[in-house]
Amino acid sequence: MEGGFARRLLQVGIRSITKEGREQGKRFGVEQYEMRTFSKDRDFLENLQLGEGIKGVYISVDLDCLDPEFAPGVSHIEPGGLSFRDVLNIIHNLKGNVVVADVVEFNPQRDIVDWMTAMVAAKLVRELAGKISK
């Protein structure tokens, strides 16, 4: 955002943010959707319109956004996050041409519940690849 390489940045599923983080987001025009307001933001996020002239969308899924119930194998565990279905709904209903994506913050050393986070990450990669191929 600072360098002008992106027109729009959304952060979804924020559970811990400082006053400085909010101020920095506002300064750069970042749309921040915190979990404390997610229930009222859900309809917007699940039918996200990206606007005219958007040629490509880059999606980065930080596994830390998920509640530890769905992804315990991350470095920064914090309760109260998004469900796996919430993330899939946002991806599936996104109205835009996804051209690149990544899934980050998987920590295999903490993925002690039958590799659940690895499976979640793999499923998200598969869903994002499908979105890109359309």
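Here, each number is a calculation from the coordinates, and none is a lab measurement. Small disclaimer: the values here were computed from a predicted structure and weren't measured. Glycine also receives a Cβ, built like all others from the backbone with ideal geometry; neighbour counts cover every protein chain displayed.
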Just to be sure I understand: with springs between alpha-carbon atoms less than 10 Å apart, which residue in GLN24, GLN11, GLN32 has the highest mean-square fluctuation in the Gaussian network model of the chain?
GLN24
Neighbour counts of other C-beta atoms within 10 Å: give me ILE17, ILE112, ILE59 arranged from fewest to most.
ILE112, ILE17, ILE59
Take the residue pairs LYS26/LYS95; LYS19/LYS123; LYS95/LYS123; LYS19/LYS55 and return only those whose Cα atoms are more than 27 Å apart.
LYS19/LYS123; LYS19/LYS55
Using a 7 Å offset from Cα along Cα-Cβ at LYS95, what residues in segment 23-65 end up with backbone N under 14 Å from the label point?
43-54
Amide H proximity to ASN97 below 5 Å, modelled H, separation 5+ or other chain, gives VAL57
Using amide H atoms built in the peptide plane, which far-off residues or other-chain residues are under 5 Å from GLN11 H to H?
GLU31, GLN32, TYR33
Please list 4-10, 71-77, 82-88 highest first by mean number of surrounding beta-carbon atoms within 10 Å per residue.
71-77, 82-88, 4-10
Please check: in the Gaussian network model of the chain (C-alpha springs, under 10 Å), which one of GLY80, GLY56, GLY21 has the largest mean-square fluctuation.
GLY21
Kindly list the residues of segment 106-131 that lie in the label zone of SER75, defined by a backbone N under 16 Å from the point 7 Å along the Cα-to-C-beta vector.
106-111
Please compute the length gained on full extension between TRP115 and LYS134, using 0.36 nm multiplied by the number of residues separating them and subtracting their Cα-Cα distance.
3.9 nm
